[in-house]
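The values are calculated or read from the model by the stated rules, or taken from the named source; none is laboratory data. Model, not experiment: these values are computed from the prediction. All Cβ positions, glycine included, derive from the backbone under ideal geometry; neighbour counts span all protein chains shown. Just the protein is used for accessible areas: all its heavy atoms, side chains included, with ligands, DNA and RNA removed. Shrake-Rupley method; radii C 1.70, N 1.55, O 1.52, S 1.80 Å.
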Amino acid sequence: MSSTNPSFIERKERFARKMAGKAKPGVRSENRLPPGQHLTPGFPVLDLGIRPEISLADWRLEIGGAVENPRTFTWDEFNGLPRFEDVSDFHCVTTWSKFDVRWSGVAFFTLAELVRPQPAVKHVLFSSYDGYTTNVRLEDVLDDDVLIATQYDGQPLPREHGGPARVIIPKLYAWKGAKFVRGIEFSAEDKLGFWEVRGYSNTADPWTEDRFS
């Protein structure tokens, strides 16, 4: 494969080599709970006050921007992709965390390999059926636990938690994981999302309490 047009997996491997030896802050290995957070046994619901009802027959996921193969998936097409399951912790910027949340859906890498982001891509913008948007750096979605979830705790993802499908990026504050997801745009330029234009952080790292810009 040409070194001038590396695959997404090759780019991930290069990123991993670049980051070798650059450990995360020690608190990640000493305490599972990020600073400023408290553990909750429940699962609070926060959104824009709009919970769109999306029929599975009408649901679409559009993936485009700076990619070689833009795709639009129907619900059946999306669920025909390889399944991915992950158990991760969930950290909300409003200071609560929930441990061991079980998600199932499609890994972000599966989608990226299908659409093949162009080498210049550095950012991703997620958009939702309720008008919400949120931006992340490409490196934020290079982790193997990032997915588009369609199930929570073994059941179809309920509407209050962003169903039928939402983004899960466990290592960032949860507002970066768009509920009711309908679009993924790869871009060379950063495009601020709903909360980011209102002063929230671009990088959203719970371990450094990176809540606001």
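Some observations on this one:
- Here residue 40 fits the description: β-branched (Val, Ile, Thr), at pLDDT below 95 and surrounded by 14 or more Cβ atoms within 10 Å (Cβ to Cβ).
- Selection over the range 176-195 of residues that are buried (at least 17 other Cβ atoms within 10 Å of the Cβ), in contact (Cβ under 8 Å) with a residue 60 or more places away in the chain and within 21 Å of residue 63 (Cβ to Cβ) gives a count of 11.
- Cβ pairs under 7 Å, 6+ apart, first in the range 151-169 and within 16 Å of residue 83 (Cβ to Cβ) and of a type in the set (Phe, Trp, Tyr), second part of a helix (DSSP H, G or I) and open to solvent by 10 Å² or more (accessible area, probe 1.4 Å): 152/161
- Residue in the range 115-129 that is farther than 28 Å from residue 68 by Cβ, assigned to a strand (DSSP E or B) and open to solvent by 30 Å² or more (accessible area, probe 1.4 Å) present: no
- For the range 82-113, a residue qualifies if it is over 12 Å from residue 147 (Cα atoms) and open to solvent by less than 60 Å² (accessible area, probe 1.4 Å), and the qualifying residues are 89, 90, 91, 92, 93, 95, 96, 97, 98, 99, 101.
- Residues that are open to solvent by 20 Å² or more (accessible area, probe 1.4 Å) and basic (Lys, Arg) within the range 130-170 comprise 137, 159, listed in sequence order.
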